[in-house]
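Please read the structure below before turning to the comments.
The values are calculated or read from the model by the stated rules, or taken from the named source; none is laboratory data. Please read all numbers here as calculations on a predicted model, not as lab measurements. Backbone-built Cβ (ideal geometry, glycine too); neighbour counts: all protein chains shown. What goes into the accessible areas is simple: the full protein's heavy atoms, side chains included, and nothing from ligands, DNA or RNA. Shrake-Rupley method; radii C 1.70, N 1.55, O 1.52, S 1.80 Å.
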Amino acid sequence: MKQNILPAIRLTLVCMVFFMGIYSLLILAGAQLAPGKGKGETATANNRVVGWKLLGQEFTDDKYFWSRPSAVDYNAAGSGGSNKGPSNPDYLKQVQDRIDSFLVHNPAVKKGEVPSDLVTASGAGLDPHISVQGAYVQVKRVAAARNIPVEKVNALVENNIEQPLVGLFGTKRVNVLQLNIALDKLK
Amino acid sequence: MNTEILGVLLMYLLTVALAIPLGRYIGKVFESDRTWLDRLFNPVDKTFFKLGGIDPKKEMNWKQHLSALLTINLVWFLLSMFVLMNMGWLPLNPDGNPSMTADLAFNTSVSFVTNTNLQHYSGETGLSYLGQLILMLWQFISAATGIAICAVVFRAMKEKTTDKLGNFYSYLVRSATRILFPLAVVVALILAFNGTPMNFEGKAQYVSMQGDTVNVSRGPAAAMIAIKQLGTNGGGYYGPNSAHPLENPNYFTNIVENLSILLIPIALVFALGYVIKRKKIAWMVFAVMTLGFLLLLFNAVYFEMKGNPAIAKMGIAQPLGSMEGKEVRFGPAASAYWGVTTTVTSNGSVNSMHDSFTPLAGMSALLGMMINSFYGGVGVGFLNFYIFIIIAVFISGLMVGRTPEFLGKKIEAKEMKIAAIIALLHPLLILAGTALSSYLYAHNPAAYAGWLNNPGNHGFSEMLYEFTSSSANNGSGFEGLGDNTPFWNIACGIVMLLARFLPIIGPVAIAGILAKKKYIPESAGTLKTDTGTFGIMVFVVIFIVAALSFFPALALGPIAEYFGMK
């Protein structure tokens, strides 16, 4: 053990320089070539920064498409999930309340059409997406709140569907922030 | 075919396709054979050895290896304690995050030095950037420790009769610089180009479309996330780990990160074939591991895609499946796949919240950690599997009335005793820990009300999961558990320490003792260990040990919850 102490300390110091220092700086330098330069990419509307491209944000107004429920109210400096178990009675009551509240705001929608992603919280509480069905069930409400034809909003949703990777792998989904930015531009 | 399932198939097949050539490369690194990266890394390694004062050619026996390993791990632990308890005033702290309390620093230091990465803090508020960087250092070198000690066991399996098993420091440095470092650079750059932050600035701020002011945590995330996946560490930069949109921006990065979880654990199996020049044994090991992995995977993907039966009863649609704690960009299939890969490999990063898994999918995650050798953590996963091989050889030997021999070495009482102790240690730590915490909670629910986020059987599963994760050096959690308390910090810290180092010491001792024994050439009387029959035998041993140890606990947790929801 004794003859190992000195090499252990010296080797640890070398590792600190290499893995904390050189490695980090190498990635930092590489990131300068990336979009956003490693600082994060923002989304703009009307020449104003309204969010980060990758991060979901809260939408509760009837005239916007809503994001999913969030266990942390879309706090991007303290993210997290609900960690509720599937059989927890308090949790199930909360889901039921969200369904009821959704149906009150969207009277034209039948219960069986509401997809579960709209009434369950995401893993990080910052999910930027909703499912395609989750966007379509909100169309009538948004169109009524804005006094624009339903077909126009439907077409907008269709244009904003993100396809699976190369059309083959993963889920179809809609980015809520992008959709709402496009919605505000709609005349 | 469903695009979600296609995604899962793609991830697995791609991983195996890359792991085979990588295994060959790792074998060459272990054997110091020539590789195409030598020109780059020979001078790097030379600098490491020179500045570290190490003679990489000095051969060590198994005891010297363990002594070197334990000493350097102690140094890491002490340094980690110092940084975590003082980072509040140390540099690189633009957000002004506080230092850790002693019990939390103990838990976190043990957790990262033992390659577990159990996190009782949340990255955004609980660490300075220096804290993140020092943890990233442990992610590199604790993973390298596992790989290095695995190389020692490979070497012992290969040699005919010797006690010279290479140099520990040399294996350690070469594993870190030649295996982990180049892969981490590639993965980190892919992440940075897909939008993962890589900077040293404090929080950013914006005003949302509805007029809310939002702060966004950032920092040197991309560098850490790459090595957290590759080294089966799993400790995330952000609290919710790879479910966070900045930590795992899209489906493509999800493929890259998930591939990184399984890549080195599978490659090491093929490295074994290269080092001992017995490819058939490597394929036998791979087949047994894959069979177990697939069984857990089918179960998890099926139940997650089916959705939550309690929500189905409310009459809404579940077109994707169970969505609580999941991200729409990944969906339940890729989340379940991640959940199983991260638990069988002792990685412990997550891209969805395991606490919200449907009961039997949660059981797949639990079983992955309880068995802990279907691929397993980098290096140590094979060490666990090695124990099961020794037990299987012994039992088959008894069954057919032949002397138990493995790779030309007789397995005798001493080796069997060590193997049995190590095989039983893991269930003991899990069950004793869970029993203790359940006892405390059951006798005074008011005093420990902050512990459980869910009532009933699921609450029991939360405690079972925490100890299973600690003992498997996994690090994922049923995160509803209120675990930043002295009880959980200290109890899990002790479990992680025992569960890391004893299962390293045991197999290295067995391999070292066997290596010194007289080599007996194969004859007609030798039990063949590279056949399908022997593979089935190993699988049966693993299954019986797991079933006998864990079925009662699982029956009280996920199984009872499943039937309660029907």
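For the residue pairs A:Lys53/A:Lys93; A:Lys93/B:Lys566; A:Lys84/B:Lys306, alpha carbon separations beyond 27 Å are given by A:Lys53/A:Lys93. Computed from point charges on the beta carbon alone (+1 for Lys and Arg, -1 for Asp and Glu), the dipole magnitude for chain B about its Cα centre is near 2340 Debye. Hey, how much of the P(r) for the range B:294-450 falls beyond 29 Å, as a percent of Cα pairs? Counting pairs separated by more than 29 Å, the tail of P(r) holds 40 percent. Computed on chain B, with alpha-carbon pairs under 8 angstrom and 6+ residues apart, the relative contact order is 19 percent. Residues of the range B:210-256 whose accessible area, computed with a 1.4 Å probe over protein heavy atoms, drops by at least 50 Å² once all protein chains are present relative to their chain alone are B:Gln210, B:Pro245, B:Tyr251. The Rg/Rh ratio for the protein assembly as shown, using Cα coordinates for both the radius of gyration and the Kirkwood hydrodynamic radius, is 0.98. Once A binds B, the 1.4 Å probe can no longer reach about 8200 Å² of accessible area, counting both sides. Amide hydrogen proximity for B:Ala317: with H placed 1.01 Å from N in the peptide plane, the residues at 5 or more positions away or on another chain lying under 5 Å are A:Val114, A:Ser116. DSSP loop chymotrypsin sites (Phe, Trp or Tyr not before Pro) in the range A:16-123 with at most 16 other Cβ atoms within 10 Å of their Cβ, which ones? For chymotrypsin sites (Phe, Trp or Tyr not before Pro) across the range A:16-123 that sit outside H, G, I, E and B with at most 16 neighbouring Cβ atoms in 10 Å, the list is empty. Among the GluC sites (Glu not before Pro) in the range B:467-566, those placed in a DSSP loop whose Cβ has at most 12 other Cβ atoms within 10 Å are B:Glu522. Heavy atoms of the protein chains alone define the surface here; on that basis the protein assembly as shown has 35 Å² accessible area per residue at 1.4 Å probe size. Per-residue 3J(HN,Hα) values for the range A:68-77, derived from phi via the Karplus relation 6.51 cos²θ - 1.76 cosθ + 1.60 with θ = phi - 60°, read 6, x, 10, 5, 10, 6, 6, 7, 7, 10 Hz in sequence order (x marks Gly and Pro).
The value obtained for the range A:41-185, namely the Cα convex hull volume divided by the number of residues, is 129 Å³ per residue.
Report summary: the helix-based calculation at 222 nm, which adds -39500 (n - 2.57) for every DSSP H run with n ≥ 4 and divides by the residues of chain B, gives -21500 deg cm²/dmol. The helix-only estimate of mean residue ellipticity at 222 nm for chain A, built from DSSP H runs of length n ≥ 4 each weighted as -39500 (n - 2.57), is -11500 deg cm²/dmol after division by the residue total. Cα convex hull, the range B:3-565: 155 Å³ per residue, rounded to a whole number.
With all protein chains in place and a 1.4 Å probe, the accessible surface of chain B carries 68 percent carbon and sulfur. Each peptide in B:528-535, B:59-66, B:270-277 receives the mean, over its residues, of other Cβ atoms within 10 Å, and ordering these scores from highest gives B:270-277, B:59-66, B:528-535.
For peptide B:185-195, the mean count of partner chain Cβ atoms within 10 Å of a residue's Cβ comes to 5.
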